[in-house]
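What follows draws every value from the coordinates through simple rules; no lab data is involved. Only a predicted model underlies this, so the values are computations on that prediction, with no experimental measurement involved. Cβ: placed from backbone, ideal geometry, glycine included. Neighbour counts: every protein chain shown.
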Amino acid sequence: MPRDPAPDPGTAARPDPETARPDPETAAEQVFAALADPTRRAILAELAARGPATGTDLAARLPITRQAIAKHLTHLSHAGLLTAQPGERRRIRYRLHPAPMRIAQQYLAALARDWDTTLDALKDHLDRPAHAPTTLPKTSPLQEAKEQSQGELGDRDNDHSQNRNT
């Protein structure tokens, strides 16, 4: 049986941006960068309110040029917030794609949980009466391991010095 020829590197399959999954931090970063611009937020709000639209439709509804709309649509598409759908007469309609926004929301929620834990501990500390004993927070597992290994090394040093003294 003849073997299949090796794939041409120029035609190697590239991951589909619609199905490729960047790591959550990168996806959140792209969403935050896209949302940093008020014009891009206005475009997203317009698409959310009125549904899919072409660049020309958006330029007619918003106070910016069609060229500026095209630039912002590119940024939003790169962040994965829009999908382009071919329409009639070679017109491309843009539709919201909410998955990256959900990733960014999850990233913010995790960050908020971390802050909530820290702020709750601070609140508990500050709410204690002045005469109440203060309990130090438990050390991290890494710190405990370091202390334990240092203790074991110290015990070995003591054993060796006692053997030398006897």
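How big is the charge dipole of the stretch 64-116 about its Cα centre, in debye rounded to the nearest 20, if each Lys and Arg gets +1 on its Cβ and each Asp and Glu gets -1 on its Cβ? Walk me through the numbers before you get to the answer.
Numbers: 9 positive and 3 negative charges, 106 e Å.
My answer is approximately 520 debye.
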Requested in this report: Take Glu25, Glu46 and order them by how many other Cβ atoms sit within 10 Å, fewest up front.
Outcome: Glu25, Glu46
Report summary line: When Arg102, Arg93 are arranged by how many other beta-carbons sit within 10 Å of their Cβ, fewest first, they go Arg102, Arg93
Query raised in the report: In the neighborhood of Gly87, defined by Cβ-to-Cβ distances under 14 Å, what is the net charge if each Lys or Arg adds +1 and each Asp or Glu adds -1?
Result: +3
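Taking neighbour counts of Cβ atoms within 10 Å as a proxy for exposure, in what order, fewest first, do Ile43, Ile69 appear? Display every interim value, and only then the final one.
Numbers: Ile43 28, Ile69 23.
Ascending Cβ contact count within 10 Å gives the list Ile69, Ile43.
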Requested in this report: Kindly write out, for the stretch 66-80 in residue order, the coupling ³J(HN,Hα) from the Karplus curve 6.51 cos²θ - 1.76 cosθ + 1.60 (θ = phi - 60°), rounded to whole Hz, with x marking Gly and Pro.
Outcome: 5, 5, 5, 4, 4, 4, 5, 5, 5, 4, 5, 5, 4, 6, x
